[in-house]
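Here's the structure, in structure tokens; my notes come after.
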Amino acid sequence: MLLVEDSRMFTAALKSGLEAAHGLEVMPCASLAALREAVEGHDGEFCLAVLDLNLPDAPNCEALDYVISKNIAAIVFTGSFNNRTREEILSRNVVDCVIKSQPESIGHLIAVVDRALINVRTSVLLIDSDAASRAELFTRLQQQQFCVTAADCGAQALRMLDASDNFDVVITDIALSDMTAYTLLTEIRQRHGEDTLGVIALAATQDRQHAARFLHSGGTEFIQKPFLPEEFNSRVFQVANIQKRIQALHNIAARDYLTDIYNRRYFFQTGPRLVEQCLRRGETTSIAILDIDHFKRLNDTYGHEVGDLVLKAVAKRLRMLVGEEHLLARLGGEEFGVLFNGLDVPAANVFCETLRAEIAEAKILADDEELSITVSIGLARIEGPEAFDNYLNAADQFLYMAKYDGRNRIVSELTVLKSMAS
């Protein structure tokens, strides 16, 4: 992060405060010349700049012009300020302006930096059927460093949400071309859960019942138009901040304590929604259960510490191979589940064969001895809406057959049919 400030007192206080609060590496620059040298010497490495408007070699905002030209987010920290200047500066695509002369200015500035860092990690889906309004809000959100994607109707937004888990906040106009924000909110909550996304509605109405109804229906925030820019920025940031905290808590609760992959609880919470999304897209998908072969014998022979080492090694290998596209979890003991995102049984069978072979080839070092581990896999098709347990039970039946047939193999309806044919 850049700190462009010619006052030694402010530079020392801000550098210390920002590095302590955010763990950032702060590069101070006392002049426009030093700023140019820093940027040119570290091309593309700076995400944010805090800068004074007036420097000894740049008395007329030249430093701000330079930072903006390099696409670096800017926070202005200045003593030369009035309402007119503030409006002019905020119109130039800066994150915010902080006045030096206020007693709490350093604390305020650190809070603004915190907001910018949270915003840059927040993905917003903006939905507005009015092109001019959508463009204006899109620019405002980008100015605040949000990662923004726009949709012009509710149906398009729902398709985007089904196709990606990366969104954190949804901002929608109350009246879309194809549905109301209330209908959209109901669909979002049914498909993605009660707190996976923060949902904000915007409305040009004086009827307070809209706000009460939207919040009562599970909305997160309601903003009336016209709004002050700072009000809008603050309300959206608060939703983003709370959402990030909720996500952090969910992530802790969703992880298996030993292997650090998802746990059984998360698998059963998220799995049905993933299946529903696949079926809604008209895709057949599949589910697999993997079991480490002879795990009890391994525990009895080498002890539970080595058993835990094997579980962590297998989980690490699976996580690397499965990636983020599919849902991987430890279901309990030595069993792991994989819910595939849109892979039918033939494609999933090929994928599982890669998993089986990679684990069989890997060597796990325990007590100076190399251990070879194999897994058995049961793979079942998902082609229609059923209870999630039914899918898992079908995969479990195929896993039992894989164990019975000699282990270190995959059994699915595909392999059963091939066996019967031969």
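Read the figures in this text as sums done on the coordinates, not as results from a lab. Since the structure is predicted, the reported quantities are computational estimates derived from the model, not experimental observations. When we count neighbours, we look across all protein chains shown, and the Cβ atoms used for this are built from the backbone with ideal geometry, even at glycine.
Helix 32-41 and the long axis of the chain differ in direction by around 20°, with both axes built from C-alpha atoms. A simple rule links phi to the HN-Hα coupling: the Karplus curve 6.51 cos²θ - 1.76 cosθ + 1.60 with θ = phi - 60°, which for the stretch 232-237 gives 4, 4, 5, 5, 5, 4 Hz, with x for Gly and Pro. The phi torsions of the stretch 199-215, fed into the Karplus equation with coefficients 6.51, -1.76 and 1.60 and a -60° offset, translate into couplings of 10, 10, 10, 10, 8, 8, 8, 9, 7, 5, 5, 4, 4, 4, 5, 5, 5 Hz, rounded to whole numbers, with Gly and Pro shown as x.
Could you order peptides 165-177, 323-335 by the average number of other Cβ atoms within 10 Å of their residues, highest first?
Result, highest mean first: 165-177, 323-335.
Expressed in units of 2.2 N^0.38 Å, where N is the residue count, the Cα radius of gyration of the stretch 328-373 is 1.44. Kindly flag which residue pairs out of LYS15/LYS100; LYS100/LYS244; LYS70/LYS225; LYS296/LYS363; LYS70/LYS244 have an alpha-carbon separation exceeding 22 Å in this structure. Distance filter (> 22 Å) returns LYS100/LYS244; LYS70/LYS225; LYS70/LYS244. Taken along its principal axes, the alpha carbon cloud of the stretch 249-381 reaches lengths of 50, 36, 21 Å, longest axis first.
Close amide H pairs (under 5 Å, H built 1.01 Å from N) link LEU176 with ALA181, residues at least 5 positions away or on another chain. Taking the C-alpha atoms only, the angle from helix 105-120 to the longest principal axis of the chain is near 40 degrees.
Close amide-amide hydrogen proximity is noted between LEU371 and ILE364, LEU365, ALA366, each under 5 Å apart and 5 or more residues distant or on a separate chain (H modeled in the peptide plane; Pro and chain starts excluded).
Computed from phi, the 3J(HN,Hα) profile of the stretch 404-409 under the Karplus parametrisation 6.51, -1.76, 1.60 (θ = phi - 60°) reads 5, 7, x, 6, 6, 7 Hz, with x in place of Gly and Pro. Does the stretch 121-249 come out rounded, prolate or oblate by the C-alpha gyration tensor, with a ≥ b ≥ c the root eigenvalues, rounded set by a/c under 1.5 and, if not, prolate when a/b is larger than b/c and oblate if not? Since a/c stays below 1.5, the shape of the stretch 121-249 is classed as rounded.
Pull up the DSSP beta bridges for the stretch 262-421 and report the antiparallel fraction as a percent, rounded to 5. Let's see the in-between values first.
Values: 22 of 26 bridges.
Looking only at bridges with both residues in the stretch 262-421, the antiparallel portion is about 85 percent.
For the chain, find the longest principal axis of its Cα atoms and tell me its angle to the long axis of helix 304-322, 0 to 90°, nearest 10. Helix 304-322 and the main axis of the chain meet at about 70 degrees. Given the convex hull of the Cα atoms of the chain, what is a quarter of its surface area in nm²? It is 26.8 nm². In this structure the amide hydrogen of LEU126, modeled in the peptide plane, comes within under 5 Å of the amide hydrogens of THR149, ALA150, ALA151, ILE171, none closer than 5 places in sequence on its chain.
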